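Since the structure comes first, as structure tokens, the remarks are kept for the end.
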Amino acid sequence: MARTLPPSIFNDVVGPIMRGPSSSHSAASVRIGLLIHDLCGGTPDVVELDYDTQGSLATTHESQGTDMGLYGGLLGWPADDARLATSPTVIRDSGTTIEVRKSTLNDPHPNTYRIHVRRGEEAHNLIALSTGGGMIEVIEIDGFAVQLFGDYATTLLHVEGDASAIVDALNERDDVDAVVVSGANPSLVVVSGQKWVDDETIEDLRSHGSVGTVRRLRAVLPVLSRQDMSVPFSDSGELESSPLLATAPLSDWAIAYETERGGVTEDEVLRQAGHILEIMRRGVETGLAGTEYEDRILGWQSGRFAELAEQKSLLDGGLLNTMITYVTALMEAKSAM
């Protein structure tokens, strides 16, 4: 079920910052893998993947970077980790057994992940969707219906018996944004906030009911959501019509927007922007140095384009030629699996 939230510059515009050919395959699968990594408490020993033959993943999970991203996430690697291209080899060399199964499952969404994992004595099942642009929705964990988008620090409490007293105690806390109960005796209590429920609070909750296994899932989006979220303007037209527009450059308005959207400081926004800039700079340098990918339709283009531009053998596009060179180099580096 989709939600309508104010867009985030880092979540929805400048991003996802990722390795791989497709955000809906590579970045989304990394994020799903990271949540499973947290659910298991580490990289699983056994991974069983079920893909619907009528969906997109059954035929593209290898070529579009789903495997690369998912296995990287299971290893605990983020979407911008340069090691992602090696994740299929690394995870198998680490001892993890992986089985990919394809069958008719009649999943309503074409990008449905059905994943069973085991780590030690623990076993978990998760169903998740890749909804586009690197965004995800987890719809089921261990048989309990949930709705997780990776935009909160999430604490999962397995509760035997009546969970109402536990829910009431959680709702009284200022640092909890939402509490949702799935199932009944047993139930899964899903707690969303800017941070996880701490150990001291968990021990206090045990006095209100039978709290069993506790799992903490990280927020996998760069910018978290929160209660009573607001933004200084909702679209460019609103900003353009504001008399305040002339009082500051657009960059300052972007910082102000993301600061309020994420509930973070200006320094944090600038830190994230600087991190992205450094990744982009390294990506351009890597692309211009030359990349290779066996199944890529076009070979290395950016170096030759830069060479011809330097020789003034191209039409004089000015800044446009530089932009083409850099974007091509970046795309070649990003997709070089």
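What is the Cα convex hull volume of the stretch 51-174 when expressed per residue in Å³?
In the stretch 51-174, the Cα hull volume divided by residue count equals 154 Å³.
Please rank M135, M323, fewest neighbouring Cβ atoms within 10 Å first, as an exposure proxy. Don't skip to the end; give the middle numbers.
Details: M135 21, M323 11.
Lowest to highest Cβ neighbour count: M323, M135.
Taking Rh as the Kirkwood radius computed over C-alpha pairs, what is the Stokes-Einstein D of the stretch 152-226 at 37 °C in a medium of viscosity 0.692 mPa s, expressed in µm² per second?
On the way: Rh = 12.3 Å.
Answer from the Stokes-Einstein relation: 268 µm²/s.
Taking just the C-alpha trace of the stretch 264-335, give me its Rg and Dmax in Å.
Both quantities, over Cα of the stretch 264-335: 14.9, 48 Å.
Fewest Cβ neighbours within 10 Å first, please rank D107, D204, D228 accordingly.
Details: D107 19, D204 14, D228 6.
Lowest to highest Cβ neighbour count: D228, D204, D107.
Could you give the length gained by full extension between M280 and T4, i.e. 0.36 nm per residue of separation minus their alpha carbon distance, to one decimal place? Walk me through the intermediate numbers first.
Working: separation 276, 0.36 × 276 = 99.36 nm, distance 2.95 nm.
Net length gain for the segment: 96.4 nm.
Mind pulling the angle between the C-alpha long axis of helix 250-262 and the longest principal axis of the chain? Nearest 10 degrees, somewhere in 0 to 90.
It works out to around 20 degrees.
Inverting the mean 1/r over all pairs of different Cα atoms, compute the Kirkwood radius of the chain and quote it in Å.
Details: mean 1/r = 0.0454 Å⁻¹.
One decimal place: 22.0 Å for the Kirkwood radius.
In degrees from 0 to 90, rounded to the nearest 10, what is the angle of the helix 28-40 Cα long axis to the longest principal axis of the chain?
30
Taking the Cβ-Cβ separation of L314 and L245 as r and a Förster radius of 45 Å, what is the calculated FRET efficiency to the nearest 0.05? Mind dumping the intermediate values first?
Working: r = 37 Å, r/R0 = 0.83.
Between L314 and L245 the formula returns 0.75.
Counting alpha carbon pairs within less than 8 Å and at least 6 residues apart, what relative contact order, in whole percent, applies to the stretch 201-333?
Working: 78 pairs, mean separation 27.1, N = 133.
It rounds to 20 percent for the stretch 201-333.
So which trypsin sites (Lys or Arg not before Pro) in the stretch 240-337 are both in a DSSP loop and have at most 16 other Cβ atoms within 10 Å of their Cβ? Each step should come with its number before you reach the end.
Numbers: sites: R261, R271, R281, R282, R296, R304, K312, K334; in loops: R296, K312.
Passing sites in the stretch 240-337 are R296, K312.
How do V146, V189 rank when sorted from fewest to most other Cβ atoms within 10 Å of their own Cβ?
Working: V146 19, V189 24.
Starting with the residue having the fewest Cβ neighbours, the order is V146, V189.
What FRET efficiency comes out for E266 versus A289 if R0 is 41 angstrom and r is the Cβ-Cβ distance? Round to the nearest 0.05. Could you put the intermediate results ahead of the total?
Values: r = 35 Å, r/R0 = 0.85.
So the FRET efficiency works out to roughly 0.75.
Return the whole-Å distance between the Cα centroid of the stretch 1-52 and the Cα centroid of the stretch 266-323.
That distance is 26 Å.
Taking 0.36 nm per residue of sequence separation and subtracting the Cα-Cα distance, how much length would be gained by fully extending the chain between E172 and D252, in nm to one decimal? Let's see the in-between values first.
On the way: separation 80, 0.36 × 80 = 28.80 nm, distance 3.68 nm.
Answer, rounded to one decimal: 25.1 nm.
How high is the relative contact order of the stretch 227-298, in percent, with contacts defined as C-alpha pairs under 8 Å that are six or more residues apart?
Details: 23 pairs, mean separation 19.1, N = 72.
Contact order relative to length: 27 percent.
Using the alpha-carbon atoms, what tilt in degrees (0 to 90, nearest 10) does helix 266-289 show relative to the longest principal axis of the chain?
With both axes taken from Cα atoms, the answer is about 50 degrees.
How high is the relative contact order of the chain, in percent, with contacts defined as C-alpha pairs under 8 Å that are six or more residues apart? Walk me through the numbers before you get to the answer.
On the way: 601 pairs, mean separation 52.7, N = 337.
Averaging sequence separation for qualifying contacts and normalising by length gives 16 percent for the chain.
Evaluate E = 1/(1 + (r/R0)^6) for E160 and E121, where r is the Cβ-Cβ distance and R0 equals 30 Å; express this FRET efficiency to the nearest 0.05. Present the calculation step by step, with values, prior to reporting the outcome.
Working: r = 19 Å, r/R0 = 0.62.
So the FRET efficiency works out to roughly 0.95.
How many nm is it between the label spots at V181 and L105, if each spot is 7 Å from the Cα in line with the beta carbon?
The modelled label-to-label distance comes out at 3.0 nm.
Name the residues whose placed amide hydrogens come within less than 5 Å of the amide hydrogen of V146, ignoring near sequence neighbours (fewer than 5 apart) on the same chain.
For V146, whose amide H was placed from the backbone, the distant partners under 5 Å are E140, I141.
What are the ³J(HN,Hα) values, in whole Hz, obtained from phi via the Karplus relation 6.51 cos²θ - 1.76 cosθ + 1.60 with θ = phi - 60°, for each residue of the stretch 110-119 in sequence order, with x given for Gly and Pro?
x, 10, 9, 9, 10, 10, 10, 10, 9, 9
No lab work stands behind these numbers, since they all come straight from the coordinates. Since this is a predicted model, take the numbers as computed values, not measurements. A quick note on method: Cβ atoms are made from the backbone with ideal geometry, for glycine too, and the neighbour counts reach across all protein chains shown.
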